[in-house]
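Data first, discussion second: the structure below is written as C-alpha cells.
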Amino acid sequence: MNKSVLITGASKGIGKELAFVFAKNGYELILIARTTSELELIKNTIMQKYHSGVSILSLDLSLENASDIIVETFQDKLKNLSILINNAGYGLAAKFTDMPFEDVQGMLAVNINVLTKLTYRILPFMLANKSGKVLNVASIAAYTPGPYMAMYYASKSYVLSFSEALHEEYWKNGITISALCPGITPTSFQERAGIAKTRMMDGSIPILTAEEVANIAYNGLMKNKPVIITGFFNKIAVLFLTMLPRSWITKISAFVNKPRSENH
C-alpha cells in the first residue's frame, strides 16, 4: 500500500514545507489551498524533484461544505490515506468588535470547523484500516488567552485540547492524533494577521523557519508524540505559560500583541 498524506493550507509556509518533507520521504500527496497557481507550482516542483504523485484541489476552506467537497473529490484515495494534516488556519490582530463579523466567522470556519469535520469524515477510513495519523496544527498560543488576537488564540486552544483528547480515544486503535505547537514562524501569516507592528515581531524572540518546523513536525509525528512543541525556546515558554497565574499571562500576552499605535 502506498503511503499518502493530505495537507490543507499547503500552498505556503509550514504547509508547503510539510509537502516537501513528505514527498522526500516517499509519500503521495493530496494538497489543498485557495490559490491554484501556487498549488500547480508546488506540484510541478515536487513531481520533478521527488517523482511523487501529487493531486491538488483549489478550495476556499471557509465554505460550509468545504470538508464534503474534499471527501467527495478524493473519496477513493481517502480510503487508504496514511496521514491527515489539518494545517490551514489564520489569525487577525484587532480588538474583537473592531473586526467585521464575517472575519470572525471565517476564522472559526477555517481554524475549527473544517479541521473538526475533516477529521470526523476521515477517521472512519483509518479505523477500518486500523492505522493512520492526524496532525492538527495548533500553536504555543494555545496555552494562553490572547488579547488583541482573541479569536486566533482561542481557536488554537480548541485545536490542542481536541487533539489531545482524540489521541487518548484512538491510540489503542492504531491511530495517532498529534497537535503541532510552533511559535512565531516567518510565513505569510504575519502579513495577513497584521501583527508586523507588534512587540511580537520586534526580533527579540528566537524563531524557527517553516522548513525547520516542518522537519520537527514530521519527526514528532513519526514518533507518535501527542504534542509536538517546536524549538527549545518555545518549550521553555510553554513551561512558563503553564506555571504562571493565568491573569499574569493574559496581561503579558496583551502587552506583546497590542499594536504599537495603541500604546500611546
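Here, each number is a calculation from the coordinates, and none is a lab measurement. Note that the structure is a prediction, hence the values are computed from the model and not measured. Here Cβ is always computed from backbone atoms with ideal geometry, including for glycine, and neighbour counts include all displayed protein chains.
Assorted remarks:
- This structure gives Cα extents along the principal axes in Å, computed directly, and of (i) 59, 40, 33; (ii) 56, 42, 38; (iii) 70, 46, 38 that value is listed as (i).
- Note on Asn25 and Glu168: the model spin-label points, each 7 Å out from Cα along the C-beta direction, lie 2.7 nm apart.
- Exposed loop sites are taken as trypsin sites (Lys or Arg not before Pro) in a DSSP loop (any state but H, G, I, E or B) with at most 10 other beta carbon atoms within 10 Å; the longest stretch of the chain without one runs 1-129.
- Mean separation of Cα contacts under 8 Å (6+ apart) over length of the chain, as relative contact order %: 19 percent
- Full-stretch length increase - Leu127, Gln75 - with 0.36 nm per residue and alpha-carbon distance subtracted: 17.2 nm
- Counting 0.36 nm for each residue step from Phe232 to Gln48 and taking away their Cα separation leaves a gain of 62.7 nm.
- Theoretical gain in end-to-end length, Leu41 to Lys95 [0.36 nm per residue, Cα-Cα removed]: 15.8 nm
- Estimated FRET transfer efficiency (Glu102, Thr250; beta-carbon r; R0 30 Å; 0.05): 0.65
- Between the helical axis of 150-170 and the longest alpha-carbon principal axis of the chain there is an angle of about 40 degrees.
- Sparse-neighbourhood loop sites, GluC sites (Glu not before Pro) in segment 1-75 - DSSP loop, at most 15 other Cβ within 10 angstrom: Glu64
- Rounded to the nearest 5, the antiparallel percentage of DSSP beta bridges internal to the chain is 0%.
- Angle in degrees between helix 232-243 and the longest Cα principal axis of the chain, rounded to the nearest 10: 60 degrees
- Helix 114-129 and the longest principal axis of the Cα set of the chain meet at an angle near 40°.
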